[in-house]
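Trainee: Take a look at this one; I'll ask things after.
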Amino acid sequence: MSSPRNLGQTSLPTIPTGDVVASYPTYDAARHAVDVLVREEGLPVSSISVVGNDLKSVERITGRMNYTRAALNGLGNGVMIAIFMSLMWLIFFPTTDMLAIVGVFVISIAFGVIWGILAYALSPQKREFTSIMQVTASRFDLVVPHNMSAKVRDTLQRGGSWSQPMDAQPGQQPGQYTQPGQPTQPPQPTQFGQPAQPGHPTQPMQPAQPAQPPRTYGEMQDELRRREREQQSSTGGSTEV
């Protein structure tokens with residue numbers, strides 16, 4: 001039974017703080033960058049951390065699932081059972097003949113095949129494919145203490161393993177990892193399609209004018225007749241003068 005003293009000494013994992021000197025799309029690329037840093041003399045590699053961000057659950061489809069595949073899976077399990085049962089038979093009955101051992105082997109394989117087919121047929125969540133569930137990260141950040149960021153970045157650039165942090169634009173400083181709970185500055189609201197200028201309030205958008213309903217054919221004919229009458233009356237008045 002664990003004592004309260006031992007429980008108090010157990011430390012829970014925490015997110016490391018420091019500068020994000022590089023970001024990589026795969027863990028292999030991040031591991032290669034750490035290998036470059038390990039080969040550098042005088043660099044405290046125990047302060048380097050690889051942090052995976054944006055964890056995602058990935059289900060990789062490995063093939064189709066049917067009764068034939070279920071029988072083959074049961075065959076593999078049956079072979080393992082047959083080897084185990086044959087060894088146990090030889091241990092408890094060392095003077096037995098080879099025919100009995102072959103019989104035990106065949107019966108065990110048949111049991112595995114039948115068990116695999118029954119397990120697939122009676123499964124309440126029968127699927128037509130086989131898959132493997134994995135949890136992976138979208139990117140891997142290389143986090144180091146603040147006083148090491150310049151040296152680590154220079155070492156990675158010389159080794160050809162430096163990659164621009166994904167949360168920083170070219171020409172900007174890389175992001176920083178902070179402990180949860182620290183306040184962050186909220187982003188400034190901007191107009192749609194235009195960046196907000198510092199020190200200038202944004203102008204509210206003007207509401208759109210309501211569209212006029214379409215006119216019918218009769219209304220258009222009345223409008224033409226009215227214009228013709230106005231034109232005739234104006235022409236007649238100018239003639240009399």
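Trainee: Tabulate in residue order the Karplus-calculated ³J(HN,Hα) for the stretch 148-154, using 6.51 cos²θ - 1.76 cosθ + 1.60 with θ = phi - 60°, rounded to whole Hz; enter x for Gly and Pro.
Mentor: Here the 3J(HN,Hα) series is 10, 4, 5, 5, 5, 5, 5 Hz.
Trainee: FRET efficiency for L122 and W89, Cβ-Cβ distance as r, R0 = 30 Å, nearest 0.05? All intermediate terms of the calculation are to be shown ahead of the outcome.
Mentor: Values: r = 30 Å, r/R0 = 1.00.
So, using R0 = 30 Å, E works out to roughly 0.50.
Trainee: To continue, here is another question. Find the relative contact order for the stretch 66-126 and round it to a whole percent, using C-alpha pairs within less than 8 Å whose residues are 6+ positions apart. Display every interim value, and only then the final one.
Mentor: Working: 59 pairs, mean separation 32.7, N = 61.
Computed value for the stretch 66-126: 54 percent relative contact order.
Trainee: Still on this structure, I have one more. Counting only C-alpha contacts under 8 Å and six or more residues apart, can you give the relative contact order of the stretch 1-139 as a whole percent? All intermediate terms of the calculation are to be shown ahead of the outcome.
Mentor: Working: 126 pairs, mean separation 53.6, N = 139.
RCO, the stretch 1-139: 39 percent.
Trainee: Taking 35 Å as R0, compute the FRET efficiency from the Cβ-Cβ separation of T17 and T62 and round it to 0.05. Can you show the working numbers first?
Mentor: Numbers: r = 40 Å, r/R0 = 1.14.
Once rounded, the FRET efficiency stands at 0.30.
Trainee: For the stretch 65-152, take the alpha-carbon Rg, divide it by the Kirkwood Rh, and send me Rg/Rh.
Mentor: Values: Rg = 24.4 Å, Rh = 17.0 Å.
Over the Cα atoms of the stretch 65-152, Rg/Rh equals 1.43.
Read the figures in this text as sums done on the coordinates, not as results from a lab. These figures come from a predicted structure and were not determined experimentally. Every residue, glycine as well, gets a Cβ built from its backbone with ideal geometry; the counts of neighbours run over all protein chains shown.
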